[in-house]
Structure formats: C-alpha cells, structure tokens
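Inspection log for the structure reproduced underneath, given as structure tokens.
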Amino acid sequence: MSNPEAGRLSEILARSATRRDFLSRASALSLAIPAASAALTSCAPNGEQRADSAAAKRPPAGAAAGSEDSLFHHNSDSRLDSAVLKGGHAPATSATREAAEHAAAAKYHRYDPTLPPLPSGNRLQVHFHSREAPIRVSDDLVVAGWTFEGDIPGPIVHCRVGDTVEFTLTNESDIPHSMDFHAAQIDPKVAFRSVVEGQSVSYTFKPKWAGIFMYHCGTAPVLMHIGSGMYGAIVVSPREPLPAAKEFVLVQGEYYLGETVNGARPFDYQKMLSTVPDFVTFNGRPNQYIREPLRVKVGDRVRFWVGSVGPQHPCNFHVVGEQFDTVYLGAPPGTPIRGVQTFAVPAGGGMCFELLCDVSGEFPFVNHAFGHGQKGAIGILVVE
Amino acid sequence: MSNPEAGRLSEILARSATRRDFLSRASALSLAIPAASAALTSCAPNGEQRADSAAAKRPPAGAAAGSEDSLFHHNSDSRLDSAVLKGGHAPATSATREAAEHAAAAKYHRYDPTLPPLPSGNRLQVHFHSREAPIRVSDDLVVAGWTFEGDIPGPIVHCRVGDTVEFTLTNESDIPHSMDFHAAQIDPKVAFRSVVEGQSVSYTFKPKWAGIFMYHCGTAPVLMHIGSGMYGAIVVSPREPLPAAKEFVLVQGEYYLGETVNGARPFDYQKMLSTVPDFVTFNGRPNQYIREPLRVKVGDRVRFWVGSVGPQHPCNFHVVGEQFDTVYLGAPPGTPIRGVQTFAVPAGGGMCFELLCDVSGEFPFVNHAFGHGQKGAIGILVVE
Amino acid sequence: MSNPEAGRLSEILARSATRRDFLSRASALSLAIPAASAALTSCAPNGEQRADSAAAKRPPAGAAAGSEDSLFHHNSDSRLDSAVLKGGHAPATSATREAAEHAAAAKYHRYDPTLPPLPSGNRLQVHFHSREAPIRVSDDLVVAGWTFEGDIPGPIVHCRVGDTVEFTLTNESDIPHSMDFHAAQIDPKVAFRSVVEGQSVSYTFKPKWAGIFMYHCGTAPVLMHIGSGMYGAIVVSPREPLPAAKEFVLVQGEYYLGETVNGARPFDYQKMLSTVPDFVTFNGRPNQYIREPLRVKVGDRVRFWVGSVGPQHPCNFHVVGEQFDTVYLGAPPGTPIRGVQTFAVPAGGGMCFELLCDVSGEFPFVNHAFGHGQKGAIGILVVE
C-alpha cells in the first residue's frame, strides 16, 4: 500500500498557486502528536512511520529566545515547524485556496444560539464534514476558515446523558482533520484519528455526564486547528430534566488574524502563540448579539450553556444588571454555586449559568475580562 | 430639545489646549454599546440616534493585523475608535485637563482596607460624584484618574442582603459616566445609563445575595472607564452574620499607563488592549500594604473580601505562611471550599477568603501569579 | 558581627568573569520584601537595615511606559532593579557561572511523576540543598537553573495530614535562597527567611489540609526565583485514605529564556514580566511524557495531583478521550465536583483530578489553553 500523504503532497505542489499556499498546506498535513492520534493508521503505515521518526528527532528547542522565530520554532511537537522553517521562516496560516475562494460572496448570518431540541429517541446520528470556507463574521470581515459544516462554530449538538451518539466525520479538505468530542470517553488514538480528503471516520459514544462539552479538530498542531475555526459544542442534558428554561449556547472563541489574502483574513499560527487576540467572539462573530439580541420574557428562567474553546483564554461570564442564581462548575445538577456575579470558564471547558428574569430590560452579557470583552465578546439579552 | 452632546463638543473644542486633549475628550464622549445603555436617553434623543447609526456602520474590522492600529481599530463597538482614527491614529488616554491639573500637589494616602460598619437601619443612602483627578499612588507616581469620589478605588459600600440601597451618581466631569453595581438586579438600560456633566442618575436596589460585588462605570468603552480608575466594591453581608472576624476589602486593579502629561501619567486605552499591565495593585496603590501593613491579633479570624476589577486579569489570592480554612466561590455561607492555598478571583468577580491566625508573624498576601504580583500586588498581614 | 552580604559582594566582584555575571549576582543578592522575609536576620543585622532603607526609597515607579525598561523598572519592590539599572539597563538572568558550568555534559533524564510512597511513621525528615546547575530539559536544550536538589522541579514530598515534617534547607549557592511550603502554617518571616551560601534554615510543620501544595524559593524577587526553577510540590494525603489509585504528580511551570550563555539558556527576569513564555512544561521538560508516557492498566483509577507554579499562568488540565469523575477544588475528600472536562489550576495553586480508566488506549493529557499547551504542556497516559 502506497503512502497517500506523499501522493497528496505532489498533488498539492501541482495545485498550489503560490509558495505560501504550499507551505501552509504542506505543514498542515503533519499529524504531529504521534502517540496521541492514530494518524492515518488505517491507510498509511508509511505515514505512521514518518510520524515516529519525526518524534525521534523532535526537540529542536534551542532556538534564539525572544524572537518570533523562537516562539514558532519551539512548537516542537509538530512537523508544521520543520516544514515552515525549511521554507524560510514564513508563518503558517489558514490561507488555503478553498478557505479564501469567493470570499467576497460570503454572506453574513447570525449564528443561532438557541439550544436545539432533544432527539425524540435515545440515538442521535451526527454526520459532519470538514471543509475550508470563507466565513463572513461581520459586514467588513471575512475570515479564511477551517470548519465543520461550513460554519464557525460548527452546529450545536444536543442529547441526554446515556443517549447513543453515532458520529461520522467526512473530510472534504486537502488538510487532514479529526474530531475530538469532550463528551466521549473513548480511545482517542482510534476514534479521534485524522483522516485525509475523501475519507471518513466513525465512532459511537454515550455521554456519561451532563454539561456543555467542547468538540474540536484534534489534528496537530491542535492550536492551529482550533484557532482556525474547527470547534463547537455538544450540550448533554441530564436524564432528569432541569427546571424549564430558555436555553442558549454561547461558545467563546478567539481570532488571531493575518493580513488579507484574496479577500479573506487568514488565521495566523504564530500570532496564536502570542496569545493576544484580535477579536474575542461569542459564537464566532464579534458583537453579533448586540446587533441582533437574544430575547426572552419577564418571568423566564434563562440557562446559558457557556463554553470557551480558546484556544487560550477563559470567558469571565457576566450579565450586566443580573446575578446568576446558580452556576454549575461540574455536571448539572451537581454542586450548584449560588449568587454569582462572574465566573471564569476555562479554555477547553464549559459551565452552566442560570438566572431568573424578574424585570424587563436590556441586559448585556459580557466577558468581564474587558481587555477581551471589548474585542467582541459582548451581547444583549432583552427581557420583554 | 437640543443635543447636549453636540453642544459639549464645541465647548470642548474651545477649551481644549491641545489636539491630544481634544481627541481624548471627544472620544470619551462616546456611549458605544447602544442597546446596553440608555445613553443620555432622558435628555439626548439625538445622541441616542447617533449611537444607533454608529452601531449600524459598526464593524470596520478589516484593519491590518498585528499592528497596534489593528488592536485599537477593532474596538468596533465604540465611537472612540472613529473619533481617534479620524484624528490620525492618536491613542486615547485619560489625560484630560482636570485629571492632571495640580498633579504635583496631589498627596499620597493609604487606602483603608477595613470593611466599614453596617448601617444601623435597613436603608443606605449612597451619593457618589464622578470626577477627574490626579491621584498619587506612590511617592513618585501620580496618575490622571477618572474617579468616583476622587479616589481609586471609590469608597467601600457595606450593607446586608435585603437592605435598600438608594444610590445617586452626580457627574462632575466633562465625560459622560454611569454606575453599574454588580449587586443590583435592575434594568441597566435605565439604571446604569450615562449622565453628562451636572446631571444625576438615581436608582434603588436590594442586594439578593451576599458577597463582594464590583461596581464600576459602565459607559462605553467600558474597558477605558474601568481601566482609568472608575471602580470599587460593595460588600453584602448575609442577614445571618458570619462568624466574628477582622474583615478587609482588597480590590485588585491593573494600571496601563502612558507617558507623563502635566505631571501625571494617564491611563492608555491602546495599552489596555495589550493586556500587559505596568502595575497591579490592591486598592489602587502598588505595594501600599508592604509599606503600611494590615494588623490583627493572634486568635483572630481574618476575612478577606477579594475582588478583581481587572480590567483583564484574575487575582490568584494567597497568603504566605497560611492556608485558607474556607473560600466561598459563591454567596457566603454557601458551598464553602476548605483547605485552599490559592484561588483565582476572575476579573469582574469577587470571592470571600477566611483564615484563622493561630500564630504571630508577618504574612505576605499576594497575587501568586507573580508576573503580576511582582508589579505591586503584594501586601503584609501582621499578626501580633 | 560583620555584614556577610557586603563580604559576599566583594567576593563576587573578584570571581565574576563578566560584568553581566556580576550584575545578575549582585541583583540576586537582594532580599526585597523587607517585612516579608527575615532576610539574613540571624546573621546580618546590617543587611537587614539595608533592606529597610531600600524599602524607604522604594517606589521609583515613574518610568516611561510601554518600553521594556519600564516593565523592568517598576518591579519596585526589589533592589534587583536598582542594581541592574545602575549597571546600564542590562537584564538580569539566571546565568551565574555555576548555573551554566559544564552545560554540555548535562544529561537528560525523565522526571518521574509517580507519587512516592508515604513515610512509614508520622515524621518525615526532608533536607534540601539549593544550588545552581545546568539542567538538560530536552535533547537540544540546557537551561541555567536555580534548583532544589539539582533538578527542576525539586523532589516530590509526600506525607499525611497531621504528620510532622522536619525540613532543612542548606544553601550551596552564591545567591540567597529560602523555602516557602504552601502546606505549612508558620511565620514566614522566621521560617521562610533567606540564607546565604553555607548556611541552613530549619523548621517543622504539620500539614493541616490534604492536597497538592506548591513549594518554592520565596527570596525576592520571588518571580525570579520561581521563574528560574526553584519550585516543586508536596502532596498531603488525607488520614482516611482516598480510594486506591495510580497517583501521579504534575507540576506545570513556564520557561522564559534568554540567549545561550556558555551552552545554557538562562532564565530571563524581564521576559518573565512579559508573561509570554517560551515553553510550558509538566515537571520541567517540554513534552517529556509524549516521549516517555505514563502507563496504567484498564480498570485503574488514576489520580492526578496537578499544581501550577506559574510563575504566571494556570493549567487548564484536560485528558483527551476522558472526563474527570471527580475534581477536588479544595482539600480532598471535600466538595468534589463531578463530570468535568477541564478545570483551571491557578498559578500558585493545586487541585486533585480523578478518572476511571474504563477502556484501553492512548490518552493525551494537556493544558487545554493551547497557546500554552502547544509550548510543551502535553503528555500521554497509556491505558493497557
């Protein structure tokens, strides 16, 4: 059996319009945590061996400190580095051809934060496709996204504790991708393995705990794949329903952007390592819920399922003019914390926040770390 | 009724000595989260409309990435940007004339961290004035502050769950300001609306939960107003008193400073967005409680009410040589956590920490995130 | 009695090969939080007085903002600054002669994360030595370390609640050092005082609470001493044993490195203040447990005792393909939180994470703040 990765590489060489394009593609083909993923095992034994040898010569960590090169260089768990360094220190970005194609035509839409209804039975079939696509996140900004189902975040999944989730990922992108569900207890080497274009990976899991759990592409370097838009949330409701409420899902994500390429701003790996984001968003769009608020009625209980996918920072969730009657740090309905103004949801984590809407008004919900909140993580809850 | 904001603008033009002064004033006049505040509603319908039109053309987010301009530029929810960008990319700071006037004469004083006594009855009247003033925070450093009651932080407020707090803010500053109490459950569009110079806003609230809750100016851009000193704390004691203790209030705040103007260093909005502070303080002054420690007796229980107003970072609160018998993540006395060395109070949040002083000695209390602790968030608790 | 510090200073001048070397030594001799440590009290009354006078003229905080100088300058609680500033703004680093000597010969070894067994009796004698030494943390990287017992982190200490720990630190380094155990409730001015080369300090404590507690050098500037490698962990098990488990200790630490000096990269104080690390490690070595994983059996309960020594950042601890059945935010077995994907351990803090290994596989454990995880805070748990 031949090495499909090698094959892909020549294809890419042939199809890549620019050297930068090539570099970002070539580097993204790496699957860098060898023991952490089954990187192409089912079809690419040669690829697997290459990953191992890359691991053997891994730590080139002695680069000059303080320079941007060193920040980039010491991402030593990824062949992304070597590919890029060979190419002359060019930064890797998400700017593949597909990610920016027809950027001008990309239409803005509000990401619906409403928790979708539960499935009628105890089984849920979810089939996602990974693809590169330009995403318009505001009137004036299109990003070169790597996506699940063509949006950032991917779709909200909703099920109960103990339901069976039958998941399939089909990769429609040149770049290897994978799917890591934080709600699944499963061998990631097999289930979360990367697949190349045209391939699929399937697995089944039964969520054991209630909560909002992140999902994301786990292909190395994970920072690049989360940072380029490959994330979303699954909400697992407890079998004994929580009190009736209007339920919303807010996934905070950071944007680290490079200069516009073909009408879209790519996500920039080197900048991600700096940890100073350009934008911080709820559900992928800066300030989208200022523009088009969430709406509930006086007397409603509101339940926010809040996740932060990072890639780096927490969401200090707060609702102006309100206090949370209950915050669940772990699986609801366990260990409720009462009377909270602000709690930090860590990157890679999720928490459940509840409040009672006693009075009408317009209540901004924010990341109260305002250095980030001011970069787009503000929305409005209208109580009518 | 004419537009008082427009009127103010010409006044400012006439009175501003420098173009920089003008820019910072003009920008600060913005009230940028249109739905999030009742920005001048009672007196300025035109102002309100202008806020809406600003919102409509909001996201100019396509600026070059990585540059300081872009960090500044993409604060797209504020007319601060457009004002400043029109003015040629000058950074906005707190350096108004009043904020730096007579800076050399500003006297240092220790901020008393002692929790003030409870009011005798069930009603508490609080009347704050917002004003610009130079604040000496150490022998060699005066900052150009935007303040409540002429100090950073503003005064500590103390009441019980269920007490009635009758609050009035009178604005004595050229810049619109407002007051957001995290202890209030109330429509922020009305209660937390901005007022211009000479105007007042009043509202009444009954705190529902015990804890330490931040208060701050909520006028947009909120980052600028919190970051320039407009914050403080209200401590709400439970109706059933907690065990007798020596009670202290520590409010952590970050300082992002520009170069000295007229003897005072202004707070710098662009630098706030970088999230790398110059100083991190307890109650507004770097290392003030090293210089003049807190003092208790052997056998005392000490209760620290710790808030972080940020604007960005948590306070990893720790007492050297001690452990917290109890930390309340939510409203005391609910869900106590026992035996804690360090817990992170998120920006925009507050927690209650208790310890028993079994032995005499000198116990430093610190932000154990020492990259910040070392910038001024260290004090001493002397147990005699 | 003469001033031993003054004596040391001339020695250092004589022995220092380079001016940079001198500066880093001279500055490191400072003991800057006067009231926070008994800095040389037992042997150096003059030294103590000097510390006091340094305190009196402390706040030189008015430096130009935004420059690296100012970041450095406003570490106003330390004579490190003045020493270095006098020397012409050179940054202070850990690059003493001993710390880099024979760097090429330093051998890499895996840091064993296994929790060591409990002592047989109720008393535990621990004698640590502080010394400078080159530490090879990967094939290509040697750091100029300041250490306890010649390694980063220092050895894991393990005892029960109520056991008696008899601790002695002997300083074998030119630089004053001290030991701060977060598990001790004791007067830090006496117990955590600094000692100079050849001196020892001893104290005894009985841990009151279960948990993983940081230990670290508390000599000012604390940021420099923690940041240069002087940290480790003590695990205090409850007297009533927790359920049987495979127990591991993971201490997250950040590396802020300067350019190579004599074959070793020193830790850089100025860079620490920037809070953007070069590497983030579990137990001192980037990605060491990818290279040599942790191994358990199907059916095992695994208990991770996770600390973050920072100096600045939390560890958002997560295990890929697993969920934590239990996280103890405080002292186990108190207040367990159930069903958690990720929780943030603050810098200066520690938490206990438990999971049941139901299925075989390879489970990466990560800091899910991937801007940091990608810098080395990733390992593998193999379940066989």
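The values are calculated or read from the model by the stated rules, or taken from the named source; none is laboratory data. Here the structure is a predicted model, which means the values were calculated and not measured. Neighbour counts run over all protein chains shown; Cβ positions are idealised from the backbone, glycine included. Accessible surface is based on the protein model in full, side chains and every heavy atom, while ligands, DNA and RNA are left aside. Shrake-Rupley method; radii C 1.70, N 1.55, O 1.52, S 1.80 Å.
What the table below lists for this structure:
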| quantity | calculated |
| --- | --- |
| Test: residue in region A:224-235 that is in contact with an Asp or Glu (Cβ under 9 Å, 6 or more places away or on another chain), open to solvent by 10 Å² or more (accessible area, probe 1.4 Å) and either on the phi < 0 side of the Ramachandran plot or more than 11 Å from chain C (Cβ to nearest Cβ) (or both) | no |
| Count - residues of region A:266-302 that are closer than 19 Å to C:Gly371 by Cβ and of a type outside the set (A, V, I, L, M) | 13 |
| Qualifying residue in region C:363-377 (condition: under 26 Å from the mean Cα position of the chain (by Cα) and either basic (Lys, Arg) or surrounded by fewer than 24 Cβ atoms within 10 Å (Cβ to Cβ) (or both)) | yes |
| One residue from B:Phe167, B:Phe181, B:Phe205, B:Phe128 being out of contact with any Gly (no Cβ under 6 Å at 6 or more places or on another chain), within 23 Å of B:Arg285 (Cα to Cα) and within 14 Å of chain A (Cβ to nearest Cβ) | B:Phe181 |
| Members of region B:184-202 found to be away from chain A (no Cβ under 13 Å) and touching a residue at least 60 places away in the same chain (Cβ under 8 Å), listed by number | B:Ser194, B:Val195, B:Val196, B:Glu197, B:Gln199 |
| Enumeration of residues in region A:200-223 that are surrounded by fewer than 20 Cβ atoms within 10 Å (Cβ to Cβ) and among the small types (Gly, Ala, Ser) | A:Ser200, A:Ser202 |
| Residues within region A:287-315 that are open to solvent by less than 10 Å² (accessible area, probe 1.4 Å) and within 14 Å of chain C (Cβ to nearest Cβ), tallied | 8 |
| Residue list for region C:271-286, filter: open to solvent by 10 Å² or more (accessible area, probe 1.4 Å) and either of a type in the set (S, T, N, Q) or in contact with a Pro (Cβ under 6 Å, 6 or more places away or on another chain) (or both) | C:Ser274, C:Thr275 |
| Condition met for B:Val382 (in a loop (DSSP other than H, G, I, E, B) and within 10 Å of another protein chain (Cβ to nearest Cβ)) | no |
| Residues satisfying the stated conditions in region A:363-379, i.e. in contact with a Gly (Cβ under 8 Å, 6 or more places away or on another chain), under 18 Å from A:Phe248 (Cα atoms) and at the interface with chain B (Cβ under 7 Å from one of its Cβ atoms) | A:Phe363, A:Pro364 |
| Residue identified as under 30 Å from C:Ala106 (Cβ atoms) and basic (Lys, Arg) among C:Arg338, C:Arg303, C:Arg295 | C:Arg295 |
| C:Ser360, sole failed condition from (1) open to solvent by less than 20 Å² (accessible area, probe 1.4 Å); (2) more than 11 Å from chain B (Cβ to nearest Cβ) | (1) |
| Close pairs (7 angstrom Cβ cut-off, 6 or more residues apart or separate chains): without any contact (Cβ under 8 Å) to a residue 24 or more places away in the chain in region B:141-158, buried (at least 24 other Cβ atoms within 10 Å of the Cβ) and part of a strand (DSSP E or B) anywhere | B:Gly150/B:Ala133 |
| Which numbered condition A:Phe279 fails, given (1) touching a His at 6+ places or on another chain (Cβ under 7 Å); (2) within 14 Å of chain C (Cβ to nearest Cβ); (3) of a type outside the set (D, E, K, R) | (2) |
| Residues located in region B:316-343, provided they are within 7 Å of chain A (Cβ to nearest Cβ) and of a type outside the set (Ser, Thr, Tyr) | B:Leu329, B:Gly330, B:Ala331, B:Gly334 |
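Conditions tested, residue by residue: (1) over 30 Å from A:Leu257 (Cβ atoms); (2) open to solvent by less than 30 Å² (accessible area, probe 1.4 Å).
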{"position": "A:Arg123", "(1), (2)": "yes, no"}
{"position": "A:Val126", "(1), (2)": "no, yes"}
{"position": "A:Val137", "(1), (2)": "no, yes"}
{"position": "A:Cys159", "(1), (2)": "yes, yes"}
{"position": "A:Thr164", "(1), (2)": "yes, yes"}
{"position": "A:Leu169", "(1), (2)": "no, yes"}
{"position": "A:Glu172", "(1), (2)": "no, no"}
{"position": "A:His182", "(1), (2)": "no, yes"}
{"position": "A:Gly198", "(1), (2)": "no, no"}
